[in-house]
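Below is one structure, written out as structure tokens, with a few remarks after it.
The values are calculated or read from the model by the stated rules, or taken from the named source; none is laboratory data. The shown structure was predicted, so the numbers you read here are calculated from the model rather than taken from an experiment. Quick reminder, even Gly has a Cβ in these numbers, built from the backbone with ideal geometry, and neighbours come from all protein chains shown. Note: areas computed on protein heavy atoms with side chains; ligands, DNA, RNA excluded. Shrake-Rupley method; radii C 1.70, N 1.55, O 1.52, S 1.80 Å.
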Amino acid sequence: MLRISHYLRALVQPDAAPVPGTPGMPGRRPPVVIWNLLRRCNLTCRHCYATSADSPFRNELSTTEALRVIDDLHAAGVRVLILSGGEPLLRPDLFQLAGYAREQGFFVALSSNGTLIDERNIERVAAAQFDYVGISIDGLQDVHDAWRQMPGSFAAAMHAIDLCRRHGIRVGLRTTLTQHNTEQLPAILSLMHDHGVQKFYLSHLNYSGRGKRSSKFDAHHQMTRDAVHLLFERAWADIGAGLNTDFVTGNNDADAILLLQWVRQRMPQHVRRLENALRAWGGNASGNGIANIDNTGDVHPDTYWWQHQVGNVRQQAFRDIWIDRPQPLLQQLRQHPRPVGGRCATCQWLPICNGNTRTRAWAAGDLWGEDPGCYLTDTETGQLPASIPAGQPA
């Protein structure tokens, strides 16, 4: 995840300097845990990595088991918990689990499609004191409803956003970039300001679940570059206007190199500082700074890795799975830089992006091959004379 606003603020506000990552210390920092509490969902989105449907799924963790997992995560040092699904609001014990996690001192976020947040439960959502609620908007009404395969889902999600804002809940918009919504991105960002939303998260399409079948709709490389550049411009404009907004991208760590280029063009005096910060960040954190627990207790390197499990919290303590006795897959993912092939292997920016998203490479046929979602040119990666030499003094 690239925290665009955070890095840009750090360039002009020294007291907002980002905390360096620890790419050279694999497994030493507790991960952010994204927990798919259930697989059931009232939508059947075309890019769903969990391949959810509106029906019960077998063998899901019980309330008693889930409460024990929260204790287990706390004992392992985890302090950031993102509750996801399916649609987590369909799980009857959601608020019990969220409340228990907050009592334990976790930062608790809710990831929702927004369609089930309404006047009947907004008071309860507010009382749960989620630190953050992320709601997905994948285009304006026609595109969003078609992509989510439910008429009226856009209006319901936007209504949920307004309800959350009225009740003082920190809320963010999440958009998965595709060919269908790139032209609508400026309008989506306008929705963010019009509705008083503090955070915008742009997710690049990852080829897993139904997202693998929808990979043909992934944004073309130039579309992607244009979209990410737009986020840089909006984030910088908001910083100049004194707005406390937060623009973030995920699932394509090449965005960090594009940010470095953008800063070189706009503020060359800050390039060295930003490059150092990005090298400390270390790029893709799957299997190290990010972990996933699915609805049956299987543990994965992140939410897009459901084809690979590295343990199960019913059978082992999370600390044992993640820290004390990690499987070879986790050990490989934690190498920095990773042992990747193709053009990734000789890219001058590998120490920053860390090989980008391995699940896209896996979908293309080679887990350790090059990421087909990388939009950098051979000149930018250093295979041809570099346009932004690594480490060049500003």
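Quick look at the numbers
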| item | result |
| --- | --- |
| Positive-end extreme of charge dipole, the chain - chosen from Gln327, His193, Met150 (charges on Cβ) | Gln327 |
| Computed over the chain: relative contact order in percent, which uses C-alpha pairs under 8 Å that are six or more apart | 19 percent |
| Residue-span extension gain [Asp118 to Glu65] - 0.36 nm each, minus C-alpha spacing | 16.2 nm |
| FRET efficiency for Leu243 and Arg79, using Cβ-Cβ distance with R0 set to 25 Å, rounded to 0.05 | 0.35 |
| FRET efficiency for Arg102 and Arg166, using Cβ-Cβ distance with R0 set to 22 Å, rounded to 0.05 | 0.55 |
| Among Val310, Val12, Val78: highest mean-square fluctuation, GNM of the chain, C-alpha pairs under 10 Å | Val12 |
| Per residue accessible area in Å² of the chain, where ligands, DNA and RNA are left out and the probe is 1.4 Å | 40 Å² |
| Portion, in percent, of the accessible area of the chain that falls on carbon or sulfur, probe 1.4 Å | 51 percent |
| The chain - Kirkwood radius from inverse mean 1/r over Cα pairs (Å) | 21.4 Å |
| Cα-based shape type of the range 124-261, given that a ≥ b ≥ c are square roots of the gyration tensor eigenvalues and the cut on a/c is 1.5 | oblate |
| Residue of Glu233, Glu370, Glu380 that the Gaussian network model of the chain assigns the largest fluctuation, springs spanning Cα pairs under 10 Å | Glu233 |
| Trypsin sites (Lys or Arg not before Pro) restricted to the range 54-87 and DSSP loop, no more than 11 other C-beta within 10 Å | Arg58 |
| Accessible surface, 1.4 Å probe, highest first, among residues Ser153, Ser111, Ser62 | Ser62, Ser111, Ser153 |
| Rounded, prolate or oblate (a/c below 1.5 giving rounded, otherwise prolate when a/b exceeds b/c) for the range 100-173 by Cα gyration tensor | prolate |
